[in-house]
Amino acid sequence: MDKQRPIVAFLYDFDKTLCTTDMEDYAFIPRLGMTPREFWSKANGFGHANRMDGILAYMYTMIRESEQRDLPFTRESLREMGRDIVLFPGVREWFGRINAFGDSQGVQVEHYIISSGLREIIEGSAISGEFKEIYASEFYYDGAGKPVWPKLTVNFTAKTQFVYRINKGVLDVSDDKTLNDSMPDDSKRVPFTNMVYMGDGLSDVPCMKMMRAYGGQAIAVYQESNRVGVEDLLAKGRVDFIFPADYSEGTALDQTVKNIIRKMAIADRLWNENVQQLRTIGGDVLPDQVGLF
């Protein structure tokens, strides 16, 4: 890891974190002639009746309902639906501004998605190019672009594996061997202490708890509709900060994130100074000194 240019990684949920509702609600469900309540009730009911993982249940329901109505359901049709996503205020400008601030503090900022939604829809959104990697549920497609099998599913607890992938720099989901290989803490690409997870509710709690346990930061954003639930997360010590879902420059969210980047940049410089002093006197850098600050 380049100690002259430490990495600060922002990990985001997508639905109701960067956009205003579930991504399927914008274009996919209206094309079925259903309301979101009707679709999700059917998908969840199917899952419960068949003792099926909820993510697999909604992916299957998407295919089934589209086929019953003879509607196109391909990789490209899903990407087109991403154009209808409505982002929270300031989201489009957020990434460039935070990247530039990181540069001013001597750190490299990276952005990742960890979502139970569909990768294909996210890829069609206006911000898809901002992310180093998008981890989201995804179909495997045949030569005609039609889904034939789930390629990846990201349920709430499975989200945590992708935090470890980012930590070690093993981003290829097919590479489990390297992910599980032993690796010294000081050789990991992004220390947990340099991570910020941003979500909106209970589905993000496993990742938020990881952040708090390993020295990263957890932030929950809210709309009025979920404000009480997010306040409960703060009261129970499951997140570090909560803010309205407004990413505009000068908001409390913007200012706090910049303070977090400052803190992480300073901690990294102090760590390097400590290591240099130890090496100067011939001392060893002990495992428990990694991430000391």
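Computed from the coordinates by the stated procedures, all read-outs in this text should not be read as laboratory data. What you see is a predicted model, and the numbers here were worked out from it, not measured in a lab. Counting neighbours? That spans all protein chains shown, and the Cβs are built from the backbone with ideal geometry, glycine included.
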- Task: Compute the signed sum of charges (Lys and Arg +1, Asp and Glu -1) over the other residues within less than 11 Å, Cβ to Cβ, of A265.
- Result: +3
- Peptides 217-223, 135-141: what's the order by average Cβ count within 10 Å, highest mean first? 217-223, 135-141
- Task: Sequence neighbours fewer than 8 away in the same chain don't count; with that in mind, list the lysines whose C-alpha is under 20 Å from K146.
- Result: none
- Using alpha-carbon positions, what is the distance between the centroids of region 241-256 and region 56-87, in Å? 32 Å
- Between the alpha-carbon centers of region 18-47 and region 115-157, tell me the distance in whole angstrom. 17 Å
- Message: Can you return the lysines within cross-link range of K263? Criterion is Cα-Cα under 29 Å, with same-chain partners fewer than 8 residues away left out.
- Response: K3, K16, K132, K159, K168, K188, K209, K236
- Note on the structure: Sorted largest first, the Cα spans of region 1-144 on the principal axes come out in Å as 56, 32, 29
- Query: Could you list, bin by bin from short to long, the percent of Cα-Cα pairs of the chain in 10 Å steps?
  - Reply: 6, 26, 33, 22, 10, 3, 1, 0
- Message: Let me check against my output: what whole-number percent is the relative contact order of the chain, with C-alpha pairs under 8 Å and at least 6 apart?
- Response: 21 percent
- Task: Report P(r) for region 23-84: all Cα-Cα distances, bin width 10 Å, range 0 to the bin holding the largest distance, values in whole percent.
- Result: 23, 55, 22, 1
- Message: Tell me the net charge near F131. Cut-off is 11 Å between Cβ atoms, F131 excluded, with +1 for each Lys or Arg and -1 for each Asp or Glu.
- Response: -2
